[in-house]
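Asks: Sending over a structure as structure tokens; questions will come in a sec.
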Amino acid sequence: MDEAGKLESKKVYKKTLLVLFIWILFFAGIIGYAIYWLFFDWSRFKQELIAESTSPQGTYTVKAYVSDAGATTSSTVLGELVFNHEKRKSKKIYWQYRESEAYIYWSDDDTVSINGVTLDLPDETYDYRGNE
């Protein structure tokens with residue numbers, strides 16, 4: 001093979017690797033977003049606000065949502081902690097399967113009870129999947 005043929009072969013090889021790399025990144029992005037959407041995208045679960053309560057000193061607000069996926073699953077209650085005096089993103093603090101109502105009671109400004117589950121805010125959370 002002459003020098004021009006080797007150079008052309010090298011260019012084709014580099015272009016092929018570049019296209020392959022771009023496709024791999026594209027599919028990795030799609031798979032990454034799908035995993036995020038399935039397991040971490042809170043907004044798709046927040047269907048109907050059923051209860052909202054602010055702590056005694058106004059530091060936090062807990063919003064409870066009910067999510068109903070239809071005939072295949074039961075209702076789920078989801079609790080979201082909103083920071084009223086800090087510029088922080090809201091946080092998932094409560095997730096209970098087979099519930100459709102939320103009773104929120106504040107013991108003090110940092111302790112809330114949602115449907116009988118007591119949480120010390122802002123760090124403690126409840127997820128039925130890890131507490132069964």
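Asks: Can you run down the residue pairs with Cβ atoms below 7 Å, 6 or more apart or on separate chains, where the first is in segment 47-72 and closer than 15 Å to Tyr105 by Cα and open to solvent by 30 Å² or more (accessible area, probe 1.4 Å) and the partner is polar (S, T, N, Q) and modelled with pLDDT of 95 or more?
Replies: Pairs found: Glu52/Thr61; Thr54/Thr61.
Asks: Follow-up question, since we're still on this one. Report, ordered by the first and then the second residue, all pairs with beta carbons closer than 7 Å, sequence separation of six or more or different chains, a first member in segment 100-127 that is open to solvent by less than 70 Å² (accessible area, probe 1.4 Å), and a second member that is among the acidic types (Asp, Glu) and part of a loop (DSSP other than H, G, I, E, B).
Replies: Asn115/Glu99; Leu121/Asp110
Asks: Further question on the same structure: Give the residue that is farthest from Gln57 (Cα to Cα), with candidates limited to residues of segment 99-122 that are hydroxyl-bearing (Ser, Thr, Tyr) and not in a strand (DSSP E or B).
Replies: Filtering segment 99-122 for residues that are hydroxyl-bearing (Ser, Thr, Tyr) and not in a strand (DSSP E or B), the one farthest from Gln57 (Cα to Cα) comes out as Ser100.
Asks: So, one more: Conditions first: (1) more than 30 Å from Arg129 (Cβ to Cβ); (2) modelled with pLDDT under 90; (3) not hydrophobic (A, V, I, L, M, F, W, C). Tyr97 passes all but one, so which condition is the exception?
Replies: (1)
Asks: A further question follows. Select from segment 73-99 the residues that are open to solvent by less than 40 Å² (accessible area, probe 1.4 Å), within 21 Å of Asp123 (Cβ to Cβ) and among the small types (Gly, Ala, Ser) and list them in ascending order.
Replies: Within segment 73-99, Gly79 is the sole residue that qualifies.
The values are calculated or read from the model by the stated rules, or taken from the named source; none is laboratory data. Keep in mind that what you see is a predicted model, and the values were worked out from it rather than measured. For neighbour counting, all protein chains shown are included, and Cβ atoms are generated from backbone atoms with ideal geometry for every residue, glycine included. Remember, those area values only see protein heavy atoms, side chains included, never the ligands or the DNA or RNA. Shrake-Rupley method; radii C 1.70, N 1.55, O 1.52, S 1.80 Å.
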